[in-house]
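Inspection log for the structure reproduced underneath, given as structure tokens.
The values are calculated or read from the model by the stated rules, or taken from the named source; none is laboratory data. Treat the numbers as computed from the prediction; the structure is a model and nothing was measured. So basically every Cβ, Gly included, is an ideal-geometry build from the backbone, and we count neighbours across all protein chains shown. The area values use the complete protein model at the heavy-atom level, side chains included, leaving out ligands, DNA and RNA. Shrake-Rupley method; radii C 1.70, N 1.55, O 1.52, S 1.80 Å.
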Amino acid sequence: MEEQETKAELIRSGLSSREARIRIMRMRPECWPALEDVVASSLRRRLADEDLAGPWAALTLGELDRLALCGRWPGASDGITLVQRNYALPADLVRQLRTASWRVSEKPLAELYERGLVGSGKKLSEEQRRVRDELARQLHPPARIIRQALAAYPPALPE
């Protein structure tokens, strides 16, 4: 957004759109960090919050295998449009995110499976959907933690 506003201001000051884009390209390395840096910075701060900080037991090989499976975590979308984003984050940060996500979500996720409330093609009653959605609200999948991180700890604008 800052980049778009800067471009609009440059155009209002008399530069052509092309000239404004060139000026912004020259600013970018100094003024706008890479998206991965923004996400990583916000994510580190979120993972330091009391509810996610741990200490957590390391993930087992079986847990890592389950986390590697594709697909959405159980529950309603809560009106959030799911768009896949890929970030090149440091391996230690990814491990910390996945560990916190799994450990915080362990109990409600186990209960969802024990109650038979997850799986493709399941026909759930209204009561089962209510219970599923309540348990799903207790889950912290990695994408939710990243969204929380960006909302709670947006990047600081450059001086």
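Considering only residues in segment 127-139 that are in contact (Cβ under 8 Å) with a residue 24 or more places away in the chain and open to solvent by less than 30 Å² (accessible area, probe 1.4 Å), the one that is nearest to the chain's Cα centre (by Cα) turns out to be 139. List pairs: first residue in segment 107-124 and free of Cβ contacts under 8 Å to residues at least 60 places away in the same chain, second residue surrounded by 14 or more Cβ atoms within 10 Å (Cβ to Cβ) and in a loop (DSSP other than H, G, I, E, B) anywhere in the structure, Cβ distance under 6 angstrom, at least six positions apart or on different chains. Short answer, once both residue conditions are applied: 108/138; 108/139; 112/74; 112/118; 118/74.
Taken together, the residues in segment 102-126 that are open to solvent by less than 100 Å² (accessible area, probe 1.4 Å) and assigned to a helix (DSSP H, G or I) amount to 10.
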